[in-house]
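> Pasting in a structure now, in structure tokens, and then I'll have a few things to ask.
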There are 4 protein chains.
Amino acid sequence: MKADVFSDHRHDGSMRLVADQAAVVVVDMINEFCKPGGKMVLPGYETIVPQQKAVVAAGRRAGLPIVWVADSHRANLRRDREWVKRTPHCVEGSWGTEIIDDHQVLPDDRMVRKARYSAFFQTDLDLLLKDNLITQLIVFGVVTNICVRSTVHDAFFHGYEVVVPHDACAGTGDREHRSSLYDIATHFGTVCASSDVVAGLADGAQIANQVMEA
Amino acid sequence: MKADVFSDHRHDGSMRLVADQAAVVVVDMINEFCKPGGKMVLPGYETIVPQQKAVVAAGRRAGLPIVWVADSHRANLRRDREWVKRTPHCVEGSWGTEIIDDHQVLPDDRMVRKARYSAFFQTDLDLLLKDNLITQLIVFGVVTNICVRSTVHDAFFHGYEVVVPHDACAGTGDREHRSSLYDIATHFGTVCASSDVVAGLADGAQIANQVMEA
Amino acid sequence: MKADVFSDHRHDGSMRLVADQAAVVVVDMINEFCKPGGKMVLPGYETIVPQQKAVVAAGRRAGLPIVWVADSHRANLRRDREWVKRTPHCVEGSWGTEIIDDHQVLPDDRMVRKARYSAFFQTDLDLLLKDNLITQLIVFGVVTNICVRSTVHDAFFHGYEVVVPHDACAGTGDREHRSSLYDIATHFGTVCASSDVVAGLADGAQIANQVMEA
Amino acid sequence: MKADVFSDHRHDGSMRLVADQAAVVVVDMINEFCKPGGKMVLPGYETIVPQQKAVVAAGRRAGLPIVWVADSHRANLRRDREWVKRTPHCVEGSWGTEIIDDHQVLPDDRMVRKARYSAFFQTDLDLLLKDNLITQLIVFGVVTNICVRSTVHDAFFHGYEVVVPHDACAGTGDREHRSSLYDIATHFGTVCASSDVVAGLADGAQIANQVMEA
């Protein structure tokens, strides 16, 4: 099957960020997935941190709410459906659920704790965003193909415009990273470099959608 | 980044289907995505139909509810968020939203109409399944990396055990097909051949999870 | 306990309808609940129909979407949770689920089928409204204290401004009708006469909130 | 309109609690709604505390999870939809959101923070219950006609069997308290005395449904 007749039917036009309608959503930059001693550590997480810090700083300058999403599972469950599939991890209140100290969480930032891959599933993220009159989301973090992507799915379904800076994300592997970015660019939102987001927040510049072909 | 330290933390054990707790969910085998004249036709859809028919037939023999999911968008919306991203398609009541006549929909089968990629988003699918005491889903259709995958995400989040027969699915491209199956096998459910599902329904045989490495 | 120190902490200010942000939601004006032969007939439903028709007509003149909500339960469920509590009713496709012929449903009107008391629960109502850029709902029908009220709850939770014309609603009894209207006026939205809605749609007049004390 | 032809179509049969499928859900027994200095204090809250303690103690003896629900609103929202309707209250982290010290919260108890009247709306309550294999809920607290009732609505919609001990609840007024209990008994669950719940947990005794006529 040739790639990609189906996905040709798309609108890849650029988008513009609007500061008072946008928010930054940082997914799962927590000890459990990044730091030595974590239960499921992604090698090389540190290569994406500088770009993340640049986007967060640009967001703060433009007055965007910064939302830190952290995986966090209830203790003592009789059956955690996710742990049936994955190694037990991110027990609520544990070191693993804390944001890595590479990042600085400020008092006015928002924390959202989730127990499934999507930051929207049974959390107050949508409510928090709606009550801040947000319609655009800048989403990045780890891992591209699971928690970032699951969050992007739900953001799109709920009606948000979504931008994903690809160099602020890491996947479980190169194929999965690129394939999820391709699906996001063709079906869910806009994929760009973090420098595009920084520029777009500074001066309202258009952000072009990058489709990563196979 | 080597593939895939992160996803090593997984439970790939086999699973067993239990007839009175399982349902078949066929995603978007509709004219719009399959037949000449459709708005977004996936070339080669016909190669997956025989395997789909085998699973549906096995499901019927075992007494499973058969759920046909069809994309269907309200007419006359002021802004369809999905059509901002994709070519307008699947207007409610149109030929495009009908199940392809390769398949036979029986009177006791269930129809679920959805307006986003996931068959769970703002539909009664979860309610229909719960009120039928279903805990296991056999999910397949088109396209692997968008509507099938989005449905698998939500099925897993809602607590269902999910099985995806890979040869009853088609993706927008080979990389995307394989990458989504990899993500499903490592994070969301069990990937197998359709013949494994047929056997599992016939005699309760274990179904092994197949992880498609890059 | 004196009524009502708690509910004094409220904002009873008037509201204004904005035609291109508002929609009419008519709840369960169906044969099963109104007409001879229905499974659960509410005596006296016909006394609220003229006011309902006046609001629907005013809505049409102002260009509002008209949404007809009809209770409709899947056939052949292994366990319908609602039917554990209530007489079986409103089987999908049956006469009971049709809008009463006192009302005229036009081709551009929207139908929403629900299987629980709230018109939002596992339906596409929220999506339909969002994609029509709706933020205000005029909700009425039967019965005030169950399906109308449940729909008002969810509308408020989802962020809609809600107006309920009390004389276009009927409850299972006078106490329940008045008590639910009191709760709606103090906690969920604005209660008024249907003539206030008609006037508000015609000329943007303010609509005062009516709190029905015990 | 005579009360209550409509609600005659009901199943008022008794129910039995099953210890390993049941949980206790205590709604909003927090400083803001109970104690001097709270923003919306319900007079007489202390009359329901002894019955609440009896049910919680019986729940602990039978091994039930105890879930404490506390209203808690994000700080610094641009528009809190609930505060448009009600006095600002229950800011996250404030004294007002803490469980009253009449009750003892133990380390293994669960806390659920909500920002709308229903404890299910955009919280992880349903996930927490499902992953503890819970199907029955004992729900009580303040106020009967708003947060308790809203929680009961959603519990029923999600498929839980709900029991409400009426003397462990207080409403904003007598009419509203009784009217909501009537609606719960006729449409959503079982209403009984707290002593019935205590007995039911101790020996599996049947719990009869009490319908409070007007």
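> Just to verify a result, which residue in region B:33-46, among those that are under 17 Å from B:Phe140 (Cα atoms) and in contact (Cβ under 8 Å) with a residue 60 or more places away in the chain, is surrounded by the most Cβ atoms within 10 Å (Cβ to Cβ)?
By that ranking, first place goes to B:Phe33.
> Would you say D:Ile146 is touching a residue at least 24 places away in the same chain (Cβ under 8 Å), over 20 Å from C:Thr186 (Cα atoms) and not acidic (Asp, Glu)?
no
> How many residues does region C:126-139 contain that are out of contact with any His (no Cβ under 8 Å at 6 or more places or on another chain) and over 12 Å from B:Arg74 (Cβ atoms)?
The total comes to 7.
> Among the residues of region A:90-124, write down those that are charged (D, E, K, R), surrounded by 19 or more Cβ atoms within 10 Å (Cβ to Cβ) and either at pLDDT below 95 or in a loop (DSSP other than H, G, I, E, B) (or both).
The answer is A:Arg116, A:Asp124.
> Do we have C:Ile207 as within 14 Å of chain D (Cβ to nearest Cβ) and in contact with a helix residue (DSSP H, G or I) (Cβ under 6 Å, 6 or more places away or on another chain) here?
No.
> Looking only at region C:90-109, which residues are on the phi > 0 side of the Ramachandran plot and without any contact (Cβ under 8 Å) to a residue 24 or more places away in the chain?
C:Gly93
> Still on this structure, I have one more. Tell me the residue from B:Val84, B:Val41 that is in a helix (DSSP H, G or I), on the phi < 0 side of the Ramachandran plot and within 14 Å of chain A (Cβ to nearest Cβ), please.
Result: B:Val84 is the single residue among B:Val84, B:Val41 that is in a helix (DSSP H, G or I), on the phi < 0 side of the Ramachandran plot and within 14 Å of chain A (Cβ to nearest Cβ).
> Also: Under 12 Å from the mean Cα position of the chain (by Cα) and farther than 29 Å from C:Asp124 by Cα, is that true of B:Asp167?
In short, yes.
> Which of (1) on the phi > 0 side of the Ramachandran plot; (2) more than 10 Å from chain B (Cβ to nearest Cβ); (3) more than 15 Å from the chain's Cα centre (by Cα) is the odd one out, the single condition A:Gln122 does not satisfy?
Among (1) on the phi > 0 side of the Ramachandran plot; (2) more than 10 Å from chain B (Cβ to nearest Cβ); (3) more than 15 Å from the chain's Cα centre (by Cα), A:Gln122 violates only (2).
> Among the residues of region B:75-89, what is the count of those that are surrounded by 18 or more Cβ atoms within 10 Å (Cβ to Cβ) and either in contact (Cβ under 8 Å) with a residue 40 or more places away in the chain or among the hydroxyl-bearing types (Ser, Thr, Tyr) (or both)?
Adding up the residues that qualify gives 2.
> In region B:55-81, what residues are assigned to a helix (DSSP H, G or I), in contact with a strand residue (DSSP E or B) (Cβ under 9 Å, 6 or more places away or on another chain) and hydrophobic (A, V, I, L, M, F, W, C)?
B:Val55, B:Val56, B:Ala58
> Within 19 Å of the chain's Cα centre (by Cα) and within 14 Å of chain A (Cβ to nearest Cβ), is that true of B:Glu32?
Considered against the rule, which asks whether it is within 19 Å of the chain's Cα centre (by Cα) and within 14 Å of chain A (Cβ to nearest Cβ), B:Glu32 comes out as yes.
> Could you please give the count of residues in region C:91-119 that are touching a Ser or Thr at 6+ places or on another chain (Cβ under 6 Å) and within 12 Å of another protein chain (Cβ to nearest Cβ)?
7
> Separate question: Restricting to region D:130-166, name every residue that is crowded, with 24+ Cβ neighbours inside 10 Å and within 14 Å of chain A (Cβ to nearest Cβ).
Listed by number, the list holds a single entry, D:Asp154.
> Criterion first (in contact with a Phe, Trp or Tyr (Cβ under 8 Å, 6 or more places away or on another chain), modelled with pLDDT of 95 or more and closer than 24 Å to D:Val49 by Cα) does D:Arg178 satisfy it?
Against the criterion (in contact with a Phe, Trp or Tyr (Cβ under 8 Å, 6 or more places away or on another chain), modelled with pLDDT of 95 or more and closer than 24 Å to D:Val49 by Cα), D:Arg178 does not qualify.
> Do the conditions hold for C:Ala170, that is, is it in contact (Cβ under 8 Å) with a residue 40 or more places away in the chain, crowded, with 20+ Cβ neighbours inside 10 Å and within 9 Å of chain D (Cβ to nearest Cβ)?
Considered against the rule, which asks whether it is in contact (Cβ under 8 Å) with a residue 40 or more places away in the chain, crowded, with 20+ Cβ neighbours inside 10 Å and within 9 Å of chain D (Cβ to nearest Cβ), C:Ala170 comes out as yes.
> Still on this structure, please answer the following. For region A:26-68, what are the residues that are closer than 20 Å to A:Ala168 by Cβ and in contact with a Gly (Cβ under 7 Å, 6 or more places away or on another chain)?
A:Val26, A:Val27, A:Asp28, A:Met29, A:Ile30, A:Asn31, A:Glu32, A:Gly38, A:Ile66
> Could you list all residues from region D:173-193 that are facing chain C (nearest Cβ under 7 Å) and under 15 Å from D:Ala214 (Cβ atoms)?
The answer is D:Gly173, D:Asp174, D:Arg175, D:Glu176, D:Ser179, D:Tyr182, D:Asp183.
> Quick check on this structure: which one of B:Val49, B:Val27 is buried (at least 23 other Cβ atoms within 10 Å of the Cβ), closer than 20 Å to B:Val198 by Cβ and either touching a residue at least 24 places away in the same chain (Cβ under 8 Å) or away from chain A (no Cβ under 14 Å) (or both)?
B:Val27
> Is it true that D:Val197 is buried (at least 24 other Cβ atoms within 10 Å of the Cβ), under 30 Å from B:Leu133 (Cα atoms) and modelled with pLDDT of 95 or more?
Against the criterion (buried (at least 24 other Cβ atoms within 10 Å of the Cβ), under 30 Å from B:Leu133 (Cα atoms) and modelled with pLDDT of 95 or more), D:Val197 qualifies.
The values are calculated or read from the model by the stated rules, or taken from the named source; none is laboratory data. Owing to the predicted nature of the structure, the values given are computational and were not obtained by experimental measurement. For neighbour counting, all protein chains shown are included, and Cβ atoms are generated from backbone atoms with ideal geometry for every residue, glycine included.
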